[in-house]
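All remarks here apply to the structure that follows.
The values are calculated or read from the model by the stated rules, or taken from the named source; none is laboratory data. Fair warning: this is a prediction, and the values are worked out from it, not measured in the lab. All Cβ positions, glycine included, derive from the backbone under ideal geometry; neighbour counts span all protein chains shown.
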Amino acid sequence: MSTSITSEVMSEEQKRQYLRFVEDAALKALKIVNPGKSGIQKLIQRGDEFQSQIVTTVRELSTIYRFADEEVKSLYTYPESYKGAKPIADQIKTLVELFGVRGDMALQYAKSLPQLSEGIEWFAIPKFQFLVPEEKNITLQYCKATEIVLEKIREVFPLYSWRHELLIGPQHLRVSIRTFGAMIQLEKEQPGDVLIIPAQLGLKHRGRSTRRSREVFDENEFGLWTSAVGIIALTHPERFTHFNELDIYCAGDEISISSGDFFVKVPSFCFIGGLLRFGAHDINFKNPGFGSASFFLLK
């Protein structure tokens, strides 16, 4: 892989967006830190150091080659039994049976779905708020919704957690900020109990670590969250049927094994020994048998 920096010139609009972003970040930092008169004067005196750190950060975050060594060649693919996403009406019917969702609004929305790029498919996913309407704390609501989906999977076909210490709670599971922002945008655009989302189930990023996959996500691409992958397993059980299939990293979520640890793992689903297994891998773990699932906001 070449590591040369592209010579393509950034657009004037990109420059304006960058400057607005820097200004917003600087104002936000002042509000959060509130350094006071003496503190801000000290920052001014250290202006060269401050600017140097900004340059370092821009260089680090703008490179498209970060974690390039965290990918390996992969020939793994979906099992032959998986023929692609089912019609949205069929998916919603399954969700009505399993969770009692009201699918009328989603069915109406699905009438005008555009054609997608190859490898990206339409899936129906219940909003996590619908699954736990009685919980008002959104963090707990998110975790409890994930637990509900995992329990429903256990009812449908065998599910085994190979990390017995893996717990689903605010200290152990959280959605990434970027994914959550995209979820909120989708919910604003789609009323009702169900989201209709364009997604891919790992093939686009096979062989890459989750961290590397996030680095090369398209501008409108986001990691798919755990309960969404679980729902797809329920509506498309044929996606998980074979030991040598491409397994899935739930790239929209982050896992901490022990309370107080850093969130440096990612949830995963794989099929081993006749069981669908739920566990966690390090975000820098590269494996030809796994790929990060992701969804997209239509431009």
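Structural remarks
- Residue in region 50-63 that is part of a loop (DSSP other than H, G, I, E, B) and within 30 Å of Arg154 (Cβ to Cβ) present: no
- Listed by position, the strands (runs of 3 or more DSSP E) inside region 200-299 whose residues that are hydrophobic (A, V, I, L, M, F, W, C) number at least 3 are 265-272, 275-282.
- Residues being under 30 Å from Glu215 (Cα atoms) and loosely packed, with under 11 Cβ neighbours inside 10 Å - total across region 27-46: 4
- Only one entry of Leu159, Leu113 meets the criterion of being under 20 Å from His281 (Cα atoms) and not hydroxyl-bearing (Ser, Thr, Tyr), and that entry is Leu159.
- Within region 66-88, the set of residues being surrounded by 14 or more Cβ atoms within 10 Å (Cβ to Cβ) and either farther than 17 Å from Gly119 by Cβ or out of contact with any Pro (no Cβ under 7 Å at 6 or more places or on another chain) (or both) comprises Arg66, Phe67, Ala68, Glu70, Glu71, Thr77, Tyr78, Pro79, Tyr82, Ala85, Lys86, Ile88.
- Filtering Ile153, Ile120 for residues that are at pLDDT 95 or above, closer than 26 Å to Pro198 by Cβ and not polar (S, T, N, Q) leaves a single hit, Ile120.
- When Phe243, Phe262, Phe295, Phe269 are screened for being surrounded by fewer than 24 Cβ atoms within 10 Å (Cβ to Cβ), closer than 21 Å to Gly207 by Cβ and among the aromatic types (Phe, Trp, Tyr), only Phe243 passes.
- Leading residue by the ranking (surrounded by the fewest Cβ atoms within 10 Å (Cβ to Cβ)) among those in region 204-238 that are closer than 29 Å to Glu80 by Cβ and either charged (D, E, K, R) or without any contact (Cβ under 8 Å) to a residue 40 or more places away in the chain (or both): Asp218
- Test for Leu95: is it touching a residue at least 60 places away in the same chain (Cβ under 8 Å), surrounded by fewer than 17 Cβ atoms within 10 Å (Cβ to Cβ), under 15 Å from Ile196 (Cα atoms) and out of contact with any Gly (no Cβ under 6 Å at 6 or more places or on another chain): no
To keep it simple, each residue is scored yes or no on (1) at pLDDT below 95; (2) of a type in the set (Gly, Ala, Ser).
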| position | (1), (2) |
| --- | --- |
| Gly207 | no, yes |
| Ile232 | no, no |
| Asn244 | yes, no |
| Ile248 | no, no |
| Asn287 | no, no |
| Leu298 | yes, no |
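- Number of positions in region 188-203 that are out of contact with any Phe, Trp or Tyr (no Cβ under 6 Å at 6 or more places or on another chain), surrounded by fewer than 21 Cβ atoms within 10 Å (Cβ to Cβ) and either acidic (Asp, Glu) or at pLDDT 95 or above (or both): 2
- Residue that is farthest from Gln185 (Cα to Cα), among those in region 124-144 that are aliphatic (A, V, I, L, M) and surrounded by fewer than 15 Cβ atoms within 10 Å (Cβ to Cβ): Leu140
- Residues that are assigned by TED's automatic domain parsing to the domain that holds Ser117, over 24 Å from the mean Cα position of the chain (by Cα) and in a loop (DSSP other than H, G, I, E, B) were ranked within region 69-102; the one that is nearest to Gln190 (Cα to Cα) is Arg102.
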